[in-house]
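The values are calculated or read from the model by the stated rules, or taken from the named source; none is laboratory data. Bear in mind the structure is a predicted one, so any value in this text is a computation, not a measurement. Cβ: placed from backbone, ideal geometry, glycine included. Neighbour counts: every protein chain shown. Heads up: the accessible areas ignore ligands, DNA and RNA and are worked out on the full protein's heavy atoms, side chains in. Shrake-Rupley method; radii C 1.70, N 1.55, O 1.52, S 1.80 Å.
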Amino acid sequence: MSVRVRYGPSPTGEPHVGNIRTALFDWLLARRFGGQFIVRIEDTDQSRAVEGTEQLILDALTWLGLDWDEGPGIGGPYGPYRQSERLPMYVEAAHRLVDEGKAYRCNCSPERLAALRKSQQQAKQPPGYDRRCRELRLPGDEPHVVRLGMPLSGDTIVNDYLRGDVSFQNSLLDDHVLLKRDGFPTYHLASVVDDHLMEITHVIRGEEWLSSAPRHVQTYAALGWDEPAWVHIPIIRGPDKGKLSKRHGATSIRQYAEEGFLPEALLNFLALLGWSKDETTTIMSRDEISQSFDLDGLGLASAMFDIERLREMNARYIRDLEPGDFLRRGRPYLEARIGRSIDDDALDTLIPIAPDIQERVKLLPEFADYTDFFFSEGPLDYANAELMGRGYKNKPWAALESVEASLAALREIEPSQWTTPVLESTLRELATSRGEKAGAVFTPIRVATTGKRIAPPLFETLETLGQELTVERLNAAAERLARPDD
Ligand code: GLU
């Protein structure tokens, strides 16, 4: 099967999940069947254009790894790939339809159309243009729009890949505008002309476009062109079945990146919003998805967006990263936290403990919480009460004694023996010999060395921190406990 698919974003805002899911399905279909994925910027509605959003859209695609074969920045044999640069093609198509009597000029004023709409509303009639200009054959020298002369009776059949034949009564469809007064095409004309000229084989788009599809089918017919395959995918809903919105945790792609989601986790999650490989598989790499994707895996049941599921998936992807890769992805958050940069060698001292941190991090920014103390200079910031924990609650003298005993035991360890197993047996034995609970003894050590009560596992942490820094921080803790009024 030859596949040419296009993603046609309008640069009117930040790309969000619904929008990018369409791009993903396009990309997957192209990759699966060795076809082309085309990005076409649909910027003919100049009043809605928002400066800078085209770049945000391209950045989102790049971040997710959805590379395009033709489009902005790289061009291609069917360019230009920005609709505002293709105006002559739309004008030519519209003029041909007028010349052939299949479309017509209309000079109804906006005021007349507004009054018409109002009277239709009052009479409880469906809104739509009343075709006043259809038979007038107006000359082209006055301001006008061009409308398609739609069939007046019968049905228009849209053959949708997921729904089969969907039938629309022509009597309910008015003569829509193809070319606006300012010479710009409407979406209806531009998308048809471009899809034809760019030899698009499959139009994948949200089902909100299904009601426009009969207009596109009629435009193809009028122009004498073959239609592409229509694939209207179900819209994404929140768990409450409502249309997806911010309250479901759905945000722009850039925000997911900033919140610390991995692109591969988001890609996996988005692919499952309307597509499945089989009944059970949920975790799939980009390659696995693109090797198994096909249109038959798309379903009509609406796709449910569950942010908790995305979080779980992200945690799973973080856990499965190579430790070195994980550290590099976390590094920017750590650097931002401590206010200086960390080179590869320093970062790689964390490799042994990285898997323990990966178990705990669900979103990348949390990386800083589990690692900042390895790199902090000067005293750590914690309260004496935290140091005492539950074991020595309101007993600074008891905590002090315990810390001093730990210090003595830790100082005695030979530097070459500073390993997780030795640290563990040393400190457990200490607790036993003092007749105390391990938790009571460990809490002050954890807080003294990390500044927090929740940190990576203690012995691995101490091993990574090294003997010198461990002893130095325990000394500082002992001094603080000796001055309990702090
Ligand atoms: N420009 C349209 C949009 O932003 C594209 C619809 C389509 O894919 O045909 O939704």
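Only protein atoms count toward the accessible area here, which uses a 1.4 Å probe; on the stretch 227-383, the carbon and sulfur part of that area reaches 47 percent.
Quick one: length gained pulling residue 395 to residue 51 fully straight, 0.36 nm per residue minus the C-alpha distance? The partial results should precede the final answer.
Numbers: separation 344, 0.36 × 344 = 123.84 nm, distance 6.19 nm.
Length gained between residue 395 and residue 51: 117.7 nm.
How large, in percent, is the carbon and sulfur part of the accessible surface of the stretch 1-131 at a probe radius of 1.4 Å? Don't jump to the answer; show the numbers that get you there.
Details: 3050 of 6110 Å².
Ligands and nucleic acids excluded, carbon and sulfur reach 50 percent.
So which of 124/243; 180/246; 241/452; 180/241; 246/277; 124/246 end up more than 30 Å apart, counting from Cα to Cα? Flagged as over cut-off: 180/246; 241/452; 180/241; 124/246. Here the alpha carbons of the stretch 126-240 define both size measures, Rg and Dmax, at 15.5, 54 Å. Reported value for the chain: 207 Å³ per residue, from the convex hull of its C-alpha atoms.
With a 1.4 Å probe and every protein chain left in place, work out the accessible area per residue of the chain in Å², rounded to a whole number. Could you put the intermediate results ahead of the total?
Numbers: 22740 Å² over 486 residues.
Per residue, the chain has 47 Å² of solvent-accessible surface.
Determine, from the Cβ-Cβ distance of residue 281 and residue 235 and an R0 of 30 Å, the FRET efficiency 1/(1 + (r/R0)^6), rounded to the nearest 0.05. The partial results should precede the final answer.
On the way: r = 24 Å, r/R0 = 0.79.
It comes to 0.80.
By how many nm would the segment from residue 386 to residue 63 lengthen if fully extended, with 0.36 nm per residue of separation less the alpha-carbon distance? Walk me through the numbers on the way to the answer.
On the way: separation 323, 0.36 × 323 = 116.28 nm, distance 4.10 nm.
The residue 386-residue 63 span can extend by a further 112.2 nm.
With R₀ set to 22 Å, the beta-carbon distance separating residue 404 from residue 428 gives a calculated FRET efficiency near 0.80.
Once label points are set 7 Å from the Cα along Cα→Cβ at both residue 121 and residue 309, what is their separation, rounded to one decimal in nm? So the two model labels end up 3.9 nm from each other. Entry note, the chain: relative contact order of 12 percent, from Cα contacts under 8 Å with a spacing of 6+ residues. Of the three principal axes defined by the Cα atoms of the stretch 9-141, the extents in descending order read 51, 35, 30 Å.
Here the simple spin-label model places points 7 Å from the Cα toward Cβ, and for residue 174 and residue 142 these points are separated by 1.9 nm. Helix 366-375 axis versus longest C-alpha principal axis of the chain: approximately 40°, rounded to the nearest ten. Distance between the pseudo-spin-label points of residue 152 and residue 479 (7 Å out from Cα toward the beta carbon): 9.6 nm. About its Cα centre, how strong a charge dipole does the stretch 276-322 have in debye, to the nearest 20, once Lys and Arg get +1 and Asp and Glu get -1 at the Cβ? That gives the stretch 276-322 a dipole magnitude of about 200 debye.
Estimated at 0.36 nm per residue, the fully extended path between residue 419 and residue 131 surpasses their Cα-Cα distance by 95.2 nm. Taking Cβ separations below 4.7 Å as the criterion for a possible disulfide partner, the isolated cysteines in the chain are 108.
Working from Cα positions, state the angle (0 to 90°, nearest 10) between the long axis of helix 53-64 and the longest principal axis of the chain. The helix 53-64 is inclined about 50 degrees to the chain.
Centre-to-centre separation between the Cα atoms of the stretch 244-297 and those of the stretch 397-423: 48 Å.
Against the chain, whose longest principal axis comes from its Cα atoms, helix 396-412 is set at around 90 degrees. Considering only protein heavy atoms and a probe of 1.4 Å, how much of the accessible area of the stretch 388-482 is carbon and sulfur, as a whole percent? The computed percentage sits at 50.
Each stretch of four or more DSSP H residues adds -39500 (n - 2.57); spread over every residue of the chain, this sum gives -14000 deg cm²/dmol at 222 nm. Per-residue 3J(HN,Hα) values for the stretch 134-150, derived from phi via the Karplus relation 6.51 cos²θ - 1.76 cosθ + 1.60 with θ = phi - 60°, read 4, 9, 7, 6, 5, x, x, 8, 9, x, 7, 10, 10, 10, 7, x, 7 Hz in sequence order (x marks Gly and Pro).
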